[in-house]
1. With the checklist (1) in contact with a helix residue (DSSP H, G or I) (Cβ under 6 Å, 6 or more places away or on another chain); (2) surrounded by fewer than 24 Cβ atoms within 10 Å (Cβ to Cβ) in hand, flag the one item residue 84 doesn't pass.
2. Suppose we filter 118, 62 for residues that are buried (at least 20 other Cβ atoms within 10 Å of the Cβ), at pLDDT 90 or above and over 13 Å from the mean Cα position of the chain (by Cα); which single one remains?
3. Checking residue 74 against (1) modelled with pLDDT of 90 or more; (2) closer than 20 Å to residue 128 by Cβ; (3) within 18 Å of the chain's Cα centre (by Cα), which test does it fail?
4. Based on this model, can you work out whether residue 59 counts as in the same structural domain as residue 108 (by TED's automatic domain parsing), within 21 Å of residue 178 (Cβ to Cβ) and touching a helix residue (DSSP H, G or I) at 6+ places or on another chain (Cβ under 7 Å)?
5. For the stretch 1-17, which positions are at pLDDT below 95 and under 16 Å from residue 89 (Cα atoms)?
6. Give just the number: which of (1) within 14 Å of residue 98 (Cα to Cα); (2) in contact with a helix residue (DSSP H, G or I) (Cβ under 6 Å, 6 or more places away or on another chain); (3) at pLDDT 75 or above does residue 170 not satisfy?
7. Given the criteria at pLDDT 85 or above and farther than 24 Å from residue 99 by Cα, does residue 186 qualify?
8. Scan the stretch 22-43 and give yes if some residue there is closer than 28 Å to residue 204 by Cβ and either in contact with a helix residue (DSSP H, G or I) (Cβ under 8 Å, 6 or more places away or on another chain) or crowded, with 20+ Cβ neighbours inside 10 Å (or both), otherwise no.
């Protein structure tokens with residue numbers, strides 16, 4: 001009874017090829033803890049579907065008509081920051097992956113990988129983690145992000161345990177509401193911590209928060225979301 005009543009992970013699929021969408025849809029719907037709630041054939045549609053349906057996860061092709069996956073991811077994370085984005089791609093180019101990380105993607109699955117990897121990715125990012133296709137293991141996420149890392153005085157500051165926990169959870173892609181629930185504090189308190197920390201550490205974006213977390217050794221590609 002408990003398993004049957006557990007909330008399913010709500011997924012929107014975005015790909016311009018109907019047969020690809022059908023295949024991914026069949027795979028996702030065959031999982032007892034997942035359900036496809038919508039589909040999109042281009043970048044503009046996925047933004048509209050995500051706004052209307054409020055899914056937990058968007059599984060999106062990189063090469064989308066209208067708006068490419070990178071731009072669609074960036075816009076989606078601005079309009080619906082709680083939605084996790086998994087990119088499906090043929091590309092394993094480091095510069096492309098770096099752009100996607102900076103845009104806010106939480107997962108990467110190569111189209112040549114097995115369906116099991118996509119299922120793992122959906123579960124991982126829905127729990128607040130980051131999923132990196134095992135076939136991309138030779139590319140270091142930390143190295144990719146450090147290439148664009150600005151000089152920062154962040155290492156000169158010592159963070160309190162609470163400040164560290166707030167930044168960890170934000171780096172994992174959790175929303176302000178999710179961080180508040182995780183730490184048992186108010187949303188306003190989390191917003192205050194985030195504003196104060198970003199000002200003190202001179203972190204101007206989520207990408208810079210992720211880079212800071214990587215340099216501190218808090219975040220690895222295969223880690224689940226931290227529990228504090």
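The values are calculated or read from the model by the stated rules, or taken from the named source; none is laboratory data. Since the model is a prediction, treat every value here as computed from it, not as a measurement. Glycine gets a Cβ as well: all are built from the backbone with ideal geometry, and neighbour counts include every protein chain shown.
1. Residue 84 satisfies every listed condition except (2).
2. 118
3. All conditions pass for residue 74, except number (1).
4. Yes, satisfied.
5. 14, 15, 16, 17 - these are the residues of the stretch 1-17 that are at pLDDT below 95 and under 16 Å from residue 89 (Cα atoms).
6. (1)
7. Spelling it out, residue 186 is indeed at pLDDT 85 or above and farther than 24 Å from residue 99 by Cα.
8. yes
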